[in-house]
């Protein structure tokens, strides 16, 4: 059977979404938690062979995408006071090799990191919910670059090409928070226009207008202090920039940082639609 992108979506990564860390504050992000659980169950229902996760907090090489080279991907939340909460997954060398080959065709690079790095919270938070939902399969975790938006779209296409070349059913998870400057009393300096960035991302996905996201004003992105935009662009490239299954499951920003859970590709949604038409 030909490989393809069977699921792609966007997940936030605040550590407070982990029950052992968030405690009573989880009530303030209840919509995000419910959405992440739905997101995770829908990803698993798409029956991927592997997950490719893009994390803004993985080590960054300005000129190349990066991935870990160790057989196991391991991390815990000791940095956030919960060292006993840990996750371990098999590193999917096969899909990584396929992406390396496909990336050459797209004139972008994916390099192995030269030393061992534990998984960062950008990867661990979405993976926590995927593991909770039953995911036991392999994972590849990738860090983006400081190159152009076109490079990130091209890398997304490389993931799509790797799925086809390898015959694997691939799920893509773009980890990333939106603006970090939504509130005067938030953790970062308040920016009165920051909400516009989040609104454009949310409305672009809800309406299926990928170009509206790709063409967001770079100055607005800078003012918003976002961390997930490049992850989202990679996911859009993997989705083909032509959205059909898109759905924003939740958006909220109770602490001054925008958290969005959204789906770009869901093979099951398409299958159900075809059955209804049929």
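Listing for the model above:
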quantity	calculated
Residue-span extension gain [residue 116 to residue 215] - 0.36 nm each, minus C-alpha spacing	32.1 nm
Candidates 59, 71, 48: whichever shows maximal mean-square fluctuation once the chain is modelled as a Gaussian network with Cα springs under 10 Å	71
DSSP beta bridge pairing in the chain, given as percent antiparallel to the nearest 5	45 percent
Least to most buried among 226, 86 (fewest other Cβ within 10 Å first)	86, 226
Average Cα contact separation per residue, the chain, under 8 Å, 6 or more apart, as relative contact order %	30 percent
Label-point separation in nm, residue 70 to residue 94, each point 7 Å along Cα→Cβ	2.3 nm
Length added when fully stretched, residue 131-residue 45, from 0.36 nm per residue minus Cα-Cα	29.6 nm
Per-residue Cβ neighbour rank within 10 angstrom, fewest leading, 10, 142	142, 10
Projected label distance in nm at residue 242 and residue 20, using a 7 Å step from Cα toward the beta-carbon	4.5 nm
Whole-angstrom gap from the stretch 31-65 to the stretch 250-268, using each part's C-alpha centre	12 Å
Backbone N within the stretch 229-265 under 17 Å of label point (7 Å from residue 207 Cα along the Cβ vector)	242-248
Cα-based Rg and Dmax for the stretch 52-135, where Dmax is the largest Cα-Cα distance (Å)	13.7, 43
Spatial separation of Cα centroids for the stretch 161-217 and the stretch 226-248, in angstrom	7 Å
Cα convex hull volume per residue for the stretch 118-219 (Å³)	164 Å³
Calculated [θ] (222 nm, deg cm²/dmol) that DSSP helices of n ≥ 4 give over the chain, each run adding -39,500 (n - 2.57)	-12000 deg cm²/dmol
Contact order relative to length of the stretch 140-212, as percent, for alpha carbon pairs under 8 angstrom and 6 or more apart	14 percent
Kirkwood hydrodynamic radius of the stretch 1-80, from inverse mean 1/r over distinct Cα pairs, in Å	15.4 Å
Virtual spin-label span in nm between residue 268 and residue 28, 7 Å along Cα→Cβ	3.2 nm
The stretch 80-177, relative contact order in percent, only Cα pairs under 8 angstrom and at least six apart counted	47 percent
Compactness of the chain - radius of gyration and Dmax, Cα, Å	17.4, 53
Cα centroid of the stretch 118-149 to Cα centroid of the stretch 1-16, whole Å	9 Å
Sorted by Cβ neighbour density within 10 Å, fewest at the top, the residues 70, 145	70, 145
Residue with peak Gaussian network fluctuation, the chain [Cα springs, cutoff 10 Å], from 176, 204, 134	134
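Throughout, read-outs are computed from the coordinates displayed, never taken from laboratory work. Please read all numbers here as calculations on a predicted model, not as lab measurements. Cβ: placed from backbone, ideal geometry, glycine included. Neighbour counts: every protein chain shown.
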